[in-house]
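Let me begin by presenting the structure, written as structure tokens, before commenting on it.
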Amino acid sequence: MSNYHIKHLEEYYQVYRKSLRNPEAFWEEIAEEHFLWRKKWDRVLSWDFSKPEIKWFEGAQLNITENCIDRHLTTRGEKTAILFEPNDPNDPAEHITYNDLYARVNKFANVLKAQGIKKGDRVCIYLPMIPELAISVLACARIGAIHSVVFAGFSSTALSTRINDSDCKMVLTSDGSYRGSKTIDLKGIVDEALESCPDVHTVLVAKRIHSDINMKSGRDQWLQPLLDNASVDCEAEIMQAEDPLFILYTSGSTGKPKGMVHTTAGYMVYTAYTFKNVFQYKEDDVYWCTADIGWITGHSYIVYGPLANGATTVMFEGVPSYPDFGRFWDIVQKHKVNQFYTAPTAIRALAKQGTELVEKYDLSSLKVLGSVGEPINEEAWHWYNDNIGKKQSPIVDTWWQTETGGIMVSPIPFVTPTKPTYATLPFIGIQPALMDENGQELKGNQVEGRLCIKFPWPSIARTIWGNHERYKETYFSAYENKYFTGDGALRDEVGYYRITGRVDDVIIVSGHNLGTAPIEDAVNEHPAVAESAIVGFPHDVKGSALYGYVTLKDTGESRNHDNLRKEINQIITEHIGPIAKLDKIQFTSGLPKTRSGKIMRRILRKIAHKDTSNLGDTSTLLNPEVVQDIMDNVL
Ligand code: 6R9
């Protein structure tokens, strides 16, 4: 029996039990047999959730790029590592072999070094889905620099906040990006962001759209000439197991975004191991995850997990609707994709187009279908299963988070019988617990509560950059000795988990986590706005969309509401990005508040859901009269 690659349900239960009985011995065996270490660990695990402090493979030395690239060169040098599919279907795809990747990562790493970047320095990467993005991530890891990838759909304000929070000295970007038929002026966004980032001394710019951009002398340089002159050899920096590998920002329910810090050895072991099992990846398979590398899904399951297994991983620059809604299926057919991993919001958008564009393509290469980012509703699950998988390809509904680094609850295809809308069973080594409102663990099956994890796993984020107190407060304070996920879940009669959604003020729009507080802050910047509250409401494509309740300052003048709506969304776009725009904005005379002045979002949520049958007792509110007014004018 190989613990690394699980093939039967019985084996799953056996390995699962083993991983719980003696986690150290279990992970030690996986780490020992499947990775390249410069020095083995002195201790597999030490942990204390009350501090919180978690260390895996302490004392070990390694470089993750030697595991993702170098060690494959003898057996897979000419195998495609990254298969780049450009935005325009008429442009040729690019097959980057492991040999090519080795040379390109090393050259890039040498460029970073020549620009003064050293181990431990933070480098902000603001690039579209082009090969330079994956290569620069690996180049940072090669020299021990900490990458902080910011999704290239974020605004200049969001970018500068992230650059400053982790004190990045360098930004990697491109002249612009393609997005379907549009181009986006990325460099312009960077220029604007850097007006408030005095510590950034270098910007390296990849040429993608060949637009005429402004290059600031002394700060900005074109990337290609530097790469052309760089050597293909770059010794990998030897890293300690717990050295930070990257920072990735995620929205919180309050305050500024949290820079989640992932470290090297545990993250590598867990993402590689989950990738192998959750996608049942075999040597000649072509695997495609449609996420952007700007999100954790892209970090773990486009770059590190697949490459650590010597896989071929597809990287797609474009969007599902360009040149038409058949693009995903066109790519599956063209590259004979075997594993396809996407988000429910994409499935719903494609399902809306009917099946005509699906039937045009040969999807018979597909073996496994994945879903991630938000709960997958039953209708979308069936559409995916019937039309894409033709009822032959199991759907792995994978639940996990930026903070968890890797997949936590998921079926193993051809092993775990699937059930629509259920993420099913905990992955090997994962010990979930459901908690009730009094902080007691709900034992047994057929229970519903708040989802916690009782024991550390190798890829748990170790801290929030620069704010360990907030890390403790957010994840380890709600329940003693447990990591709290922020999600609710139920466990059915056979022990399968169904994730029911966030229990905090995070709303998942098209698979993107959005905290309500920063959006409210942006709305409140409008000079006419007195106060605002944002909630989610069901949306047939996005899953949830944003509903804003806004009260205006009483200035006596009358205002054009449609113009105000546009202006408010413009401010949101500038502060956060277009993904955070409000679908509905209702102007109200007030917001319902408790006597201590807290906005009662629960009531506002129900009204936005048009579910006003059971609003609960509103008489204790400070201003119960506004509730009726809001209900009368609901959009
Ligand atoms: C990987 C990723 C995390 C939040 C998470 C949960 C939701 C993700 C899910 C899911 C139900 C799934 N979520 N996968 N909910 N079923 N299969 O998405 O990370 O962007 O940090 O989001 O997404 O609410 O807490 P991240």
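The set of residues from segment 189-219 being of a type in the set (Ser, Thr, Tyr) and either surrounded by 19 or more Cβ atoms within 10 Å (Cβ to Cβ) or farther than 17 Å from Leu112 by Cβ (or both) comprises Ser196, Ser211, Ser217. Examine segment 37-49 for a residue that is in contact with a helix residue (DSSP H, G or I) (Cβ under 8 Å, 6 or more places away or on another chain), more than 30 Å from Tyr471 (Cα to Cα), at pLDDT 95 or above and surrounded by 14 or more Cβ atoms within 10 Å (Cβ to Cβ), and state whether such a residue exists. Checking segment 37-49: not a single residue is in contact with a helix residue (DSSP H, G or I) (Cβ under 8 Å, 6 or more places away or on another chain), more than 30 Å from Tyr471 (Cα to Cα), at pLDDT 95 or above and surrounded by 14 or more Cβ atoms within 10 Å (Cβ to Cβ).
Ser510 passes every criterion in (1) of a type in the set (S, T, N, Q); (2) surrounded by fewer than 19 Cβ atoms within 10 Å (Cβ to Cβ); (3) at positive phi apart from (2).
Residues that are over 16 Å from Thr485 (Cα atoms) and in contact with a Phe, Trp or Tyr (Cβ under 8 Å, 6 or more places away or on another chain) within segment 422-457 comprise Tyr422, Thr424, Leu425, Ile428, Gly429, listed in sequence order. A single member of Tyr249, Tyr287 is surrounded by 24 or more Cβ atoms within 10 Å (Cβ to Cβ) and away from the ligand (no atom under 13 Å from the Cβ), and it is Tyr287.
Being hydrophobic (A, V, I, L, M, F, W, C) and without any contact (Cβ under 8 Å) to a residue 40 or more places away in the chain: is that true of Val503 here? Break it down stepwise before answering.
Working: hydrophobic (A, V, I, L, M, F, W, C): yes; without any contact (Cβ under 8 Å) to a residue 40 or more places away in the chain: no.
So Val503 does not fit the description; no.
Check segment 67-80 and report whether any residue there is at pLDDT 95 or above, of a type in the set (Gly, Ala, Ser), over 27 Å from the mean Cα position of the chain (by Cα) and open to solvent by 40 Å² or more (accessible area, probe 1.4 Å). No, segment 67-80 contains no residue that is at pLDDT 95 or above, of a type in the set (Gly, Ala, Ser), over 27 Å from the mean Cα position of the chain (by Cα) and open to solvent by 40 Å² or more (accessible area, probe 1.4 Å). Scoring Lys7 on the criteria (1) out of contact with any Pro (no Cβ under 9 Å at 6 or more places or on another chain); (2) open to solvent by 10 Å² or more (accessible area, probe 1.4 Å); (3) farther than 30 Å from Ala93 by Cα; (4) not in a loop (DSSP other than H, G, I, E, B) leaves a single failure, condition (4). For segment 159-168, a residue qualifies if it is assigned to a helix (DSSP H, G or I) and in contact with a strand residue (DSSP E or B) (Cβ under 8 Å, 6 or more places away or on another chain), and the qualifying residues are Leu159, Arg162, Ile163, Asp165. If you check Ile599, Ile572 for being of a type in the set (A, V, I, L, M, F, W, C), modelled with pLDDT under 90 and closer than 22 Å to Pro527 by Cβ, only one passes: Ile599. Scanning segment 432-446 for residues that are more than 14 Å from the ligand (Cβ to nearest atom) and either open to solvent by less than 30 Å² (accessible area, probe 1.4 Å) or touching a Pro at 6+ places or on another chain (Cβ under 9 Å) (or both) yields Ala433, Leu434, Met435.
If the requirement is being out of contact with any His (no Cβ under 6 Å at 6 or more places or on another chain), away from the ligand (no atom under 15 Å from the Cβ) and not small (Gly, Ala, Ser), which of these qualifies: Ile376, Ile412, Ile407, Ile388? Full working, then the answer.
Details: Ile376 fails: away from the ligand (no atom under 15 Å from the Cβ); Ile412 fails: away from the ligand (no atom under 15 Å from the Cβ); Ile407 fails: away from the ligand (no atom under 15 Å from the Cβ).
None of the others qualify; the one that does is Ile388.
Considered as a group, the residues in segment 135-188 that are of a type in the set (Asp, Glu) and touching a residue at least 40 places away in the same chain (Cβ under 8 Å) include one that is surrounded by the fewest Cβ atoms within 10 Å (Cβ to Cβ), and that residue is Asp167. Could you say whether any residue in segment 464-476 is within 14 Å of the ligand (Cβ to nearest atom) and not in a strand (DSSP E or B)? Scanning segment 464-476, I find at least one residue that is within 14 Å of the ligand (Cβ to nearest atom) and not in a strand (DSSP E or B), so the answer is yes.
The values are calculated or read from the model by the stated rules, or taken from the named source; none is laboratory data. Note that the structure is a prediction, hence the values are computed from the model and not measured. Quick reminder, even Gly has a Cβ in these numbers, built from the backbone with ideal geometry, and neighbours come from all protein chains shown. Accessible surface is based on the protein model in full, side chains and every heavy atom, while ligands, DNA and RNA are left aside. Shrake-Rupley method; radii C 1.70, N 1.55, O 1.52, S 1.80 Å.
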